[in-house]
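Beneath this line is the structure, given in structure tokens, with notes to follow.
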Amino acid sequence: MKSTGYREHWYSGITDAVGVFVPWSRNYKTIASRRARTGFLFMLPFLIGFIAFLMKPLVQSVVMSMSEISLVPGSGYDMKNVGIANFNYALRVDAGFSGSLVRSVTKMITNTLAIMVLSFVLAVIINGEFRGRLLVRAILFLPVILYSGILPDIENTTSTYKMMAGVAEEVTQSGGVNLSQGLQDLLAVSGMGAGVFDFLFRLIDSIYEIVMSSGIQIVVFLSGLQTIPQSMYEAASIEGCSAWECFWKITFPMICPLMLVNCIYTIVDCFMRNDNEVMQWIGQVMYSQGKLGPAAAMSWLYFAVAAAFIGISTLIIRKGVGMIHD
Amino acid sequence: MIKQPQKHLSFAERNRRSGGYLLKRRAGETAVSLVRAVLLLGLCFMIIQPLITRFLKSVMSSEDLYDNTVILLPRNLTLDNYRLVFELTDMPVSLLNTAWICAMISLCQVFCATLVAYAFARFTFPLKKLCLGFVVLLIIIPPQTLQVPLYLNFMNYDLFGIFKTILGHPLQLHGSIIPYTLMSLTCMGIKNGVLLFILMEYFKGVPVSLEEAAYVDGCSNVRTFVRIMLPDAFPIIASCFLFSFVWQWTDEFYTTNFLSGYTTYSSAMSGLRGRILGYYAETATGAASGVSGVKIQQLTAISVLVCCVPLLVLYCFTQKTFVQSIVMTGSKE
């Protein structure tokens, strides 16, 4: 039964929310309102920064992607609306964009899958007890420090120094026998479809990059593994579970929530790497060719693709986690 | 009857008594250890090897570089290459610049991120869900999308027309450090969304009873934050500072766009190739005009090594702090 004086209209939520800040409203002096005001003040730098340095440039970027820009020296720039001509240019006319976009997305998908699988396996391995465990953990986290920012780009150009990654080309150049190339040739000769194994071979050749990109993921999985109580495994082994069953029935379901976090982080990391083909192409269009409008359109397309992938993978993982937890 | 103490049985005897199970189990464990050792050894080698190769090749002189019989261990040690790279990257200045810029920017970022993360974790206020959506947007949007508008914005910086009325023309903020400091102070710096996320997860894990006890004892909201939350959060704030420092140190995007007035080490590294070619073109004598690709690679590798060494030293001392923050994030899921 509602008490008198308690007004419940359809707009009560809104008026209560606004009334937190309005001194003469009915809920201004409540404790909840006071906390809400303090919280809002704490959060204010982020809101200001977001609106000034992200919202405004975002809107400007959208406007730019739909206009033709010419720089007027001395007082900024001059814009002229051309509708979706820039997008048309980026997708159909521009020489390198669509190709590098497709290649970049393919690489991102394969790398993400490989990184997730590899970091999970490594986390499970490191979780066991063995000598030198702390040292191995420290070394496997090292790429986070040493392979960020500008360094992957430079490492790709100094191939003599990454023996493992560049070994395929080096060995073939010096006339030696390359294991993966030999295997590929053998499979091609024996008549099996090359496309099936193409994916695998591409993964094997890029194992350096995959290992170097999985530092943080390994530690996240490791921390999740450490929260699983040992008593569960003991109970399971008493009931007669083999190690394989223990893994699939205990470890895997309890780690599934962390997979979402890791997957999103991996995709975002892949997209923002500096040695990304698409990024370099956009940079080249922007600075050497001077076409700012098409460059903005290209970066918007790239972002749209990234957001789509993050959304798809979130849906897939949530569905998968829901199914497993039934 | 007094029980006789067990004699120490041999392995074969124990194996026989268990019906052959002991041998199988020991063999399985040894095999697993062996496979695990090989795998981990290979991975660790893959990660450490570039560092070692770079270091050994960096002290090689030119004869050793072109000598095919010298693979890793140099015969003629020389520090000339270091001297050359130091000169070409404006060494003490750029490294010191990078150090103080990184420290200052990281401080700003962590300061702002702590405040905002505490607000998101412990308070409910209007528009909170919308702002959480903004945080997700902050993590997802690549900074390159906003590169051009931000650059143009800061070229003609004008806050609601104030500067135009006072000075007569908008501010030209293009080489100074103010734009980037402003961005870091408002949670828009490098990878700030990830920092926010880590700190948010930490603050969500602090028990509510602590805050309630503080409230009962008469602490205001701000005082609770400063006197109770912050001291406990110090380890994770330290690790966030380290993360931010490391990301900023090797970052190239934000430094070239927003800090172009300062010689930072990462911008020196990205321009190194051009400078090497320029240097050799200037000092070329008759026979040795131009510079080979191998030499360029050696000098670039030295610059990478010099960039990595401070980070490695930092990592050696603070390795636990780095991992700790992520462990906390993961265990709260």
Check: Could we say that B:Ala99 is under 27 Å from B:Tyr279 (Cβ atoms), more than 11 Å from every other protein chain (Cβ to nearest Cβ), of a type outside the set (Phe, Trp, Tyr) and assigned to a helix (DSSP H, G or I) here?
Finding: yes
Check: Is there any pair with a first residue in segment B:59-81 that is within 15 Å of B:Val294 (Cβ to Cβ) and a second that is of a type in the set (Asp, Glu) whose Cβ atoms are under 9 Å apart and which are 6 or more apart or on different chains, and what are they?
Finding: B:Met60/B:Asp67; B:Ser61/B:Asp80; B:Ser62/B:Asp80; B:Val70/B:Glu63; B:Val70/B:Asp64; B:Pro74/B:Asp64
Item checked: 2 or more residues away from chain B (no Cβ under 13 Å), of a type in the set (S, T, N, Q) and more than 30 Å from A:Leu101 (Cβ to Cβ): qualifying helices (runs of 4 or more DSSP H) within segment A:187-286 -> A:230-239
Next item on the list: Tell me, yes or no, whether segment A:34-52 has at least one residue that is more than 7 Å from chain B (Cβ to nearest Cβ) and more than 30 Å from B:Ile140 (Cα to Cα).
Entry: yes
Checklist line | Single residue of B:Phe45, B:Phe125 found to be farther than 16 Å from B:Cys308 by Cα, without any contact (Cβ under 8 Å) to a residue 12 or more places away in the chain and surrounded by 15 or more Cβ atoms within 10 Å (Cβ to Cβ) | finding: B:Phe125
Next item on the list: Give the residues of segment A:287-322 that are more than 8 Å from every other protein chain (Cβ to nearest Cβ), buried (at least 18 other Cβ atoms within 10 Å of the Cβ) and of a type in the set (A, V, I, L, M), sorted by residue number.
Entry: A:Ala297, A:Met298, A:Leu301, A:Ile317
Check: From the residues in segment B:234-273 that are without any contact (Cβ under 8 Å) to a residue 60 or more places away in the chain and not in a helix (DSSP H, G or I), which one is farthest from A:Met279 (Cα to Cα)?
Finding: B:Gly271
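Condition check ((1) part of a loop (DSSP other than H, G, I, E, B); (2) among the polar types (S, T, N, Q); (3) at the interface with chain A (Cβ under 7 Å from one of its Cβ atoms)) across all residues:
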residue: B:Thr114; (1), (2), (3): no, yes, no
residue: B:Ala119; (1), (2), (3): no, no, yes
residue: B:Lys129; (1), (2), (3): no, no, no
residue: B:Phe134; (1), (2), (3): no, no, yes
residue: B:Leu137; (1), (2), (3): no, no, no
residue: B:Leu146; (1), (2), (3): no, no, yes
residue: B:Tyr151; (1), (2), (3): no, no, no
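Among the residues of segment B:153-181, which ones are within 8 Å of chain A (Cβ to nearest Cβ) and either outside any helix (DSSP H, G or I) or at pLDDT 75 or above (or both)?
Within segment B:153-181, B:Asn153, B:Asn156 meet the criteria.
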Checklist line | Condition met for A:Lys107 (closer than 30 Å to B:Cys112 by Cα and of a type in the set (Lys, Arg)) | finding: no
Notebook entry, point to check: Taking A:Arg92, is it away from chain B (no Cβ under 11 Å) and either without any contact (Cβ under 8 Å) to a residue 12 or more places away in the chain or under 23 Å from A:Tyr302 (Cα atoms) (or both)?
Noted result: yes
Notebook entry, point to check: Applying the selection to segment B:234-264, what residues are of a type in the set (Gly, Ala, Ser) and either modelled with pLDDT of 90 or more or surrounded by fewer than 19 Cβ atoms within 10 Å (Cβ to Cβ) (or both)?
Noted result: B:Ala238, B:Ser244, B:Ser260, B:Gly261
Check: Looking at (1) surrounded by fewer than 17 Cβ atoms within 10 Å (Cβ to Cβ); (2) without any contact (Cβ under 8 Å) to a residue 24 or more places away in the chain; (3) closer than 30 Å to B:Met183 by Cα, which is the one condition that is false for B:Leu107?
Finding: (2)
Next item on the list: Could you look through segment B:71-93, keep only residues that are surrounded by fewer than 20 Cβ atoms within 10 Å (Cβ to Cβ) and closer than 17 Å to B:Leu259 by Cα, and pick out the one that is modelled with the highest pLDDT?
Entry: B:Val93
Next item on the list: Taking A:Ser98 as meeting all but one of (1) within 21 Å of the chain's Cα centre (by Cα); (2) facing chain B (nearest Cβ under 9 Å), write down the number of the exception.
Entry: (2)
Note to self: All but one of (1) closer than 30 Å to A:Leu142 by Cα; (2) at pLDDT below 85 hold for B:Ile47; state the number of the condition that does not hold.
What the structure shows: (2)
Check: Do any helices (runs of 4 or more DSSP H) lying entirely in segment A:107-179 carry at least 3 residues that are modelled with pLDDT of 75 or more and under 25 Å from the mean Cα position of the chain (by Cα), and which ones are they?
Finding: A:133-146, A:151-157
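The values are calculated or read from the model by the stated rules, or taken from the named source; none is laboratory data. The shown structure was predicted, so the numbers you read here are calculated from the model rather than taken from an experiment. In this analysis, Cβ positions are derived from the backbone assuming ideal geometry, glycine residues included, and neighbour counts consider all displayed protein chains.
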